There are 2 protein chains.
Amino acid sequence: MVLRKEMFDLPEGVLYLDGNSLGPLPKAAGTRVAGMITDEWGQMLIRGWNDAGWMAQPAMIGDKVGRLIGAPEGSVVMGDTLSIKVYQAVAAALKMRPGRKVILSDTGNFPTDLYMVQGLINTLEQGFELKTVAPEDVAAAIDDQVAAVMLTEVDYRTGRMHDMNAVTKFAHDSGAVMIWDLAHSAGAVPVDLAASGCEMAVGCTYKYLNGGPGAPAFIYVRPDLAGAVQPALAGWLGHDAPFDFDPDYRPAGGIERMRVGTPPIIQLAALDAAMDVWEGVDMADVRAASVELQELFIREVEARAPDLTLASPRDAQARGSQVSFRFTEGYAAMQALIARGVIGDFRAPDIMRFGFTPLYLDADDVMAAAAHIETVMRDKLWDDPQYRNRGRVT
Amino acid sequence: MVLRKEMFDLPEGVLYLDGNSLGPLPKAAGTRVAGMITDEWGQMLIRGWNDAGWMAQPAMIGDKVGRLIGAPEGSVVMGDTLSIKVYQAVAAALKMRPGRKVILSDTGNFPTDLYMVQGLINTLEQGFELKTVAPEDVAAAIDDQVAAVMLTEVDYRTGRMHDMNAVTKFAHDSGAVMIWDLAHSAGAVPVDLAASGCEMAVGCTYKYLNGGPGAPAFIYVRPDLAGAVQPALAGWLGHDAPFDFDPDYRPAGGIERMRVGTPPIIQLAALDAAMDVWEGVDMADVRAASVELQELFIREVEARAPDLTLASPRDAQARGSQVSFRFTEGYAAMQALIARGVIGDFRAPDIMRFGFTPLYLDADDVMAAAAHIETVMRDKLWDDPQYRNRGRVT
């Protein structure tokens, strides 16, 4: 079994169905960070870079993440934010396909992925174009003008999941570089990057991996390319010999060239503790448990709250680890649920989103959440000015 | 007085002269981070973004940093790493001066600043050129081909300090954009960005500001330009309305457009506690105390260890908050010092670097450090294989 609730600090009276936005606190993370601060930063001071192994952590933790996404050792490195990693991946891809001018994505992609490409295109002034099509039209839209296909495997609103291997093959058949954003995949669904053959992948670690708010992102480059990609963000920690203080940039031989600046050691301590929770966990088991919870949830919610319309694919195999429902007053309804301790989230214009995370959620939790949803909808608890007008940030 | 040793956790038996590389642990940082993890991440979970004010922290802490560098409220924002901020600043500057092809810097700049520009130039493929001249030749090298002058105010090896106002004026006289890197200035020397008139400035917070290893960087944009600069790194948190999830990027109205991805909340908690140590501190007092400590150090070291050659300017006004000495066996000598509890650092090829941080260093510390240096040099303690061959990371 994958359930290990006892490893998390979950607040009393909360049913947390938002681990797809920010994972909860692994108990070990607090202890690990406190120790890092007191014993390493406090006592070792600058020597922590060597003596506590700080400098090696982006690669070391990258390997822990890599194990969950089918990436061989030494092919993943941590750092920065997902937005930055998207920029690095797309910029590198464009250099790999000179002459091709299109970056293809889908309308379900998370906005920052699209924004980063727009920023890159505006910076380049070389006639590049970001083209977005509906998720189901991606394969047909890949042609020999496409330099890179950049997709988030699991749609952040609907949970719809691309067929990674099939889309990658379409991209390659047209000579395009394939970049996967695994924001809603890492720790959520089984991923086999090596088997997919994709050139690059990026993702964040504060969702299903429970690394904490603002935990660093990751980037994967296929091992045969890691020594060849051109880093747009040529930071000193991606240099072949950072402490030579050479005035000229010379990229590291492998994935380390995708490092940029000084890594966030306190965040990495929390993330490292969070990754230890995954020790011995098989993603196939996580997937099986997640699907079971999702199917139960859909069945219960559809039976109890007929005003909610399923926005996610009904076929479990085409869905990531979340279930979304549409409801015109979804924002207020979600606020009413949160007030009752059922935490999901809302995504404009009308999506109520619930994440399923079998490390700390079980069938009893799902049944309890469904009962609250029934009450909120049946009694129209959402029809209350306090819920309609709350300042919305996330 | 600025001395507030009691606010720091300094290890027993250590004389820490490396706060210019990584500041020590402010006592409040450990408590603050522990509280943030337990009470905010643990209990609020996703609601922390609103209820604990996480989303506002990059701007809120930016203002605290801004106070120390002469930046008006709302002109500084935190995030990413210094390398990333350099990229943002230079990319924005190039858009402000179309047609000009030169980025001018000096050979004393920290390598990552130069690398990031090299990476940007290679990405752009528009014939841009990074030109570096000796620090004292910068003013004369500014001509009407220079789009941006990018300099680190205080040289990381020698401590030599540029005249910020004078160089900025030279840049502006030739129509160039001026970008200052304040890595060794913020919290070290008085800076008045507003008075200088420079367009942009960047810096890190893990040195003199004591924000912890990997603490986020900052960027300043002159208020009249903050709503006009074009963000190359167009991340969702720099969007005018991130939670509209608009597919098109539309930059925020002011400095917030220089935000990119999800901010590192755990690092920010530590940094916020570190910034509180500066409350009521006047940078003029810090400077006066720092100069006094440096002058004492130079006098004592030159008297006690004649084999060390001053690498920093002798004129205190032309020097930042560090003192460097050259010594052929500087690496081994620094290792011998560290073994005795005197922590400075080494920068290739032969620089022994000592930082002066009057918040937690006093004249007694300086005298004690000088005595150890005397012993190491007089007894040739550096001439020991254990010190010569140690793996060097920082």
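The values are calculated or read from the model by the stated rules, or taken from the named source; none is laboratory data. None of the values given here were measured: they were computed from a predicted structure. Positions of Cβ are backbone-derived with ideal geometry, glycine not excepted, and every protein chain shown enters the neighbour counts. Ligands, DNA and RNA are excluded from the accessible area calculation, which covers all protein heavy atoms including side chains. Shrake-Rupley method; radii C 1.70, N 1.55, O 1.52, S 1.80 Å.
In table form, for the structure just shown:
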| read-out | value |
| --- | --- |
| Matching residues, the stretch B:35-53, being within 9 Å of chain A (Cβ to nearest Cβ), open to solvent by 30 Å² or more (accessible area, probe 1.4 Å) and not polar (S, T, N, Q) | B:Glu40, B:Met44, B:Arg47 |
| Residue within the stretch A:286-308 that is buried (at least 16 other Cβ atoms within 10 Å of the Cβ) and part of a loop (DSSP other than H, G, I, E, B) present | yes |
| Top-ranked residue in the stretch A:89-114 [being facing chain B (nearest Cβ under 10 Å) and under 20 Å from A:His239 (Cα atoms); ranked as most open to solvent (accessible area, probe 1.4 Å)] | A:Lys95 |
| Count of residues meeting criterion [closer than 22 Å to A:Ser75 by Cβ and more than 10 Å from every other protein chain (Cβ to nearest Cβ)] in the stretch A:256-276 | 7 |
| Some residue of the stretch B:31-42 being within 24 Å of the chain's Cα centre (by Cα), among the hydrophobic types (A, V, I, L, M, F, W, C) and not assigned by TED's automatic domain parsing to the domain that holds B:Leu361 | yes |
| Hits in the stretch A:232-255 (condition: in contact (Cβ under 8 Å) with a residue 40 or more places away in the chain and facing chain B (nearest Cβ under 7 Å)) | A:Ala232, A:Leu233 |
| Evaluation of A:Ala303 against (1) at negative phi; (2) in contact with a helix residue (DSSP H, G or I) (Cβ under 8 Å, 6 or more places away or on another chain) (one fails), failing number | (2) |
| Selected residue [open to solvent by 20 Å² or more (accessible area, probe 1.4 Å) and touching a strand residue (DSSP E or B) at 6+ places or on another chain (Cβ under 9 Å)] from B:Pro251, B:Pro263 | B:Pro251 |
| Test: residue in the stretch A:203-217 that is within 30 Å of B:Ala269 (Cα to Cα), more than 14 Å from chain B (Cβ to nearest Cβ) and touching a Ser or Thr at 6+ places or on another chain (Cβ under 8 Å) | no |
| Residue that is nearest to B:Gly344 (Cα to Cα) [pool: residues in the stretch B:143-161 that are open to solvent by 20 Å² or more (accessible area, probe 1.4 Å) and of a type outside the set (S, T, N, Q)] | B:Arg157 |
| Criterion violated by A:Met164 - all others in (1) within 14 Å of chain B (Cβ to nearest Cβ); (2) under 28 Å from A:Pro358 (Cα atoms) satisfied | (1) |
| Output for the stretch A:5-34, where each listed residue is touching a strand residue (DSSP E or B) at 6+ places or on another chain (Cβ under 7 Å) and either closer than 19 Å to B:Lys207 by Cα or open to solvent by 50 Å² or more (accessible area, probe 1.4 Å) (or both) | A:Met7, A:Asp9, A:Leu10, A:Lys27 |
| Top-ranked residue in the stretch B:235-248 [being in a loop (DSSP other than H, G, I, E, B) and of a type in the set (Asp, Glu); ranked as least open to solvent (accessible area, probe 1.4 Å)] | B:Asp246 |
| Counted residues, the stretch B:162-178 - those being touching a residue at least 12 places away in the same chain (Cβ under 8 Å) and either under 22 Å from the mean Cα position of the chain (by Cα) or open to solvent by less than 20 Å² (accessible area, probe 1.4 Å) (or both) | 10 |
| Given (1) on the phi < 0 side of the Ramachandran plot; (2) surrounded by fewer than 23 Cβ atoms within 10 Å (Cβ to Cβ), index of the condition B:Ile343 fails | (2) |
| Yes/no for A:Met150 being closer than 25 Å to A:Lys95 by Cβ and under 22 Å from the mean Cα position of the chain (by Cα) | yes |
| Residue match in the stretch B:60-74 (condition: more than 8 Å from chain A (Cβ to nearest Cβ) and within 20 Å of A:Pro216 (Cβ to Cβ)) | yes |
| Condition check for B:Gly48: in contact with a Leu (Cβ under 8 Å, 6 or more places away or on another chain), modelled with pLDDT of 95 or more and on the phi < 0 side of the Ramachandran plot | yes |
| Residues satisfying the stated conditions in the stretch B:4-34, i.e. more than 8 Å from every other protein chain (Cβ to nearest Cβ) and either free of Cβ contacts under 8 Å to residues at least 60 places away in the same chain or touching a Ser or Thr at 6+ places or on another chain (Cβ under 6 Å) (or both) | B:Glu6, B:Glu12, B:Gly19, B:Lys27 |
| Residue that is surrounded by the fewest Cβ atoms within 10 Å (Cβ to Cβ), among those in the stretch B:179-230 that are among the aromatic types (Phe, Trp, Tyr) and in a loop (DSSP other than H, G, I, E, B) | B:Tyr206 |
| Subset of the stretch A:41-68 [touching a strand residue (DSSP E or B) at 6+ places or on another chain (Cβ under 7 Å) and either of a type outside the set (A, V, I, L, M) or closer than 24 Å to A:Asp224 by Cα (or both)] | A:Trp41, A:Gly42, A:Pro58, A:Ala59, A:Ile61, A:Gly62, A:Asp63, A:Val65, A:Gly66 |
